[in-house]
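Heads up: the structure comes next, in structure tokens.
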Amino acid sequence: MTSRGFPWYFLPHDVTFGSGYNYQFGNINLNTDDVDLKSEPKRTSVGWTHVLFHDGQPVSQYYDLFIPIVDHIQDRLGRGTFELFRLRLAMLHHNHFVEDFNTPHTDHDSKHMTGIYYFHDSDGDTILFDQCDDPNGEVNRRINEIFTQDYTIAERVKPEKNKFVLFDGNRFHASSNPKINQYRIVLNFNFRGMPDDILTSP
């Protein structure tokens, strides 16, 4: 993934909402440079992504390389009880100038679970907030809350090699850029159909 030949997709404006696929909330596409939609202060940085699996099927010739990781995680979580609907790589670069974290967000507008697999030790925590999105709420209100509500940090997850963290996908979260390491690479999972108690089950 760090070789010059790997086909990363550059996100020149917004690492959160320029993520290589249509980021839809209802019928509104948040993959946009609309300054009214993203009113200041806007937390964002540039980054790179590579979507491996989307809407139930592989969309990258490199997907097979990551099947051992996907199979291991699905086996540990309980294969057959849920559906993986998106898998993507994300890379952030060393950046001293970005704010503490990028734009708080959820990965999808429906009820889902999110998992993050860390390939290596790094700084650049994943930030989990107290605030959650309501997947049954009115779309315009939900979008407005993304960019205007006050966020309080509930937990910071430090990237450590081979660590996997799973959380409610409707919980707002954010990436942060490394300030010591040169880059931070993760594998992002989105699941549907997980039982509500999977986060508390032994």
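The values are calculated or read from the model by the stated rules, or taken from the named source; none is laboratory data. Quick caveat: nothing in here was measured; it's all calculated off a predicted structure. Cβ: placed from backbone, ideal geometry, glycine included. Neighbour counts: every protein chain shown.
Values computed for the structure shown
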| item | result |
| --- | --- |
| Condition check for D134: touching a residue at least 12 places away in the same chain (Cβ under 8 Å) and under 14 Å from the mean Cα position of the chain (by Cα) | no |
| Residues within segment 158-202 that are aliphatic (A, V, I, L, M) and over 16 Å from D75 (Cα atoms), tallied | 5 |
| Segment 156-202 - residue that is in a loop (DSSP other than H, G, I, E, B) and free of Cβ contacts under 8 Å to residues at least 12 places away in the same chain and, of those, farthest from H105 (Cα to Cα) | P202 |
| Candidates G124, G137, filtered to the one that is within 25 Å of L199 (Cα to Cα), loosely packed, with under 14 Cβ neighbours inside 10 Å and not polar (S, T, N, Q) | G137 |
| Candidates L84, L65, filtered to the one that is under 16 Å from F191 (Cα atoms) and among the aliphatic types (A, V, I, L, M) | L84 |
| Unique residue being modelled with pLDDT under 95, of a type in the set (V, I, T) and either at positive phi or touching a strand residue (DSSP E or B) at 6+ places or on another chain (Cβ under 9 Å) (or both) when the list is I116, I73 | I73 |
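Quick grid of which residues meet (1) in contact with an Asp or Glu (Cβ under 6 Å, 6 or more places away or on another chain); (2) under 24 Å from H54 (Cβ atoms):
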position	(1), (2)
T126	no, yes
N140	no, no
E145	no, no
K161	yes, no
N181	yes, no
N190	yes, yes
D197	no, no
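Okay, residues lined up against (1) of a type in the set (K, R); (2) part of a loop (DSSP other than H, G, I, E, B); (3) touching a Pro at 6+ places or on another chain (Cβ under 7 Å):
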{"position": "S60", "(1), (2), (3)": "no, yes, no"}
{"position": "I69", "(1), (2), (3)": "no, no, no"}
{"position": "R88", "(1), (2), (3)": "yes, no, no"}
{"position": "D100", "(1), (2), (3)": "no, yes, no"}
{"position": "D107", "(1), (2), (3)": "no, yes, no"}
{"position": "S110", "(1), (2), (3)": "no, yes, yes"}
